[in-house]
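First up is the structure itself, then whatever we jot down about it.
Derivation of every value follows stated rules applied to the coordinates shown; laboratory data play no part. On a predicted model such as this, the values are computed, not experimentally measured, just so you know. Virtual Cβ from ideal backbone geometry, glycine too; neighbours counted across all protein chains shown.
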């Protein structure tokens, strides 16, 4: 059951007038940066100077990253809004963007949202209340680290064809190649015992044939959190099944940090504007 959604104050302390309609509080004007609370989850929304844009980016954070991290620790938000994009950044906390939880999922992780919360609650809320992510708009996916995995999985299972393109930096795309990964074990259980969960619906590389949008992938060769082979393997799977203009950028010496991620922003925004 969905919790009542409400609009809160923006991080910049810009206020929206709120009215009560259909048992929901929502902004009469979505012209200022704001924080929306949906299902007790914070979603930070940043608007560009041009309020009449039709370009939206769903920004998926890495594992246990604050949703505003990318704005506070890099210039992505200023770059993207200057290019006319609306940014929607849900606080996914320790989600791995799984389709569901299991009896073997760690009890303290059961509270974190699955991917279906994004498709069944988050996006419909923005479509209905803020008129964002409508089918006739230019909608994109962007994620860092585990958020890149989220981008890939949403692209795999985008049955409504809502998104035009996606970008994933330093993502993990085939968990079977890292069977000791504690995040995957914590959600899916042990690989040897539950191999179908690891290899099936929630494995981006194994479902690359379903992807119908171009993806921009980049990874640092000195990443000591997620090996760059994850992006390399995923890219080769993508190219095996389609002629879409996917891109792979392996950056020599780059690590798993905002120094590397920020180096890719301008190319990602260019990629989005081309699609």
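Numbers for the structure displayed
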item	result
Candidates 253, 171, 62: whichever shows maximal mean-square fluctuation once the chain is modelled as a Gaussian network with Cα springs under 10 Å	253
Hydrodynamic radius by Kirkwood, which averages 1/r over all alpha carbon pairs of the chain, in angstrom	18.9 Å
Residue-span extension gain [residue 229 to residue 255] - 0.36 nm each, minus C-alpha spacing	8.0 nm
Cβ crowding within 10 Å averaged over residues, with 238-244, 205-211 ranked highest first	205-211, 238-244
Kirkwood Rh and Cα Rg combined as Rg/Rh, segment 175-240	0.98
Förster radius 35 Å - calculated FRET efficiency between residue 100 and residue 241 (Cβ-Cβ, nearest 0.05)	0.90
Residues 59, 45, 233 arranged by fewest to most Cβ contacts within 10 Å	233, 45, 59
Pairwise centroid distance, computed over Cα atoms, of segment 42-103 with segment 215-275, Å	18 Å
Rounded tilt (10° steps) of 146-156 against the dominant C-alpha axis of the chain	90 degrees
Share, in percent, of DSSP beta bridges within the chain that are antiparallel, nearest 5	40 percent
Cα-based radius of gyration of segment 109-232 once divided by 2.2 N^0.38 Å, which approximates compact folds	1.10
Contact order relative to length of segment 41-273, as percent, for alpha carbon pairs under 8 angstrom and 6 or more apart	19 percent
Cα-based helix-to-principal-axis angle, 229-241 vs the chain, degrees rounded to 10	90 degrees
Gaussian network model of the chain, Cα within-10 Å springs - most flexible of 52, 246, 219	52
Estimated [θ] at 222 nm from DSSP helical runs (n ≥ 4, -39500 (n - 2.57)) normalised by residues in the chain, nearest 500	-6500 deg cm²/dmol
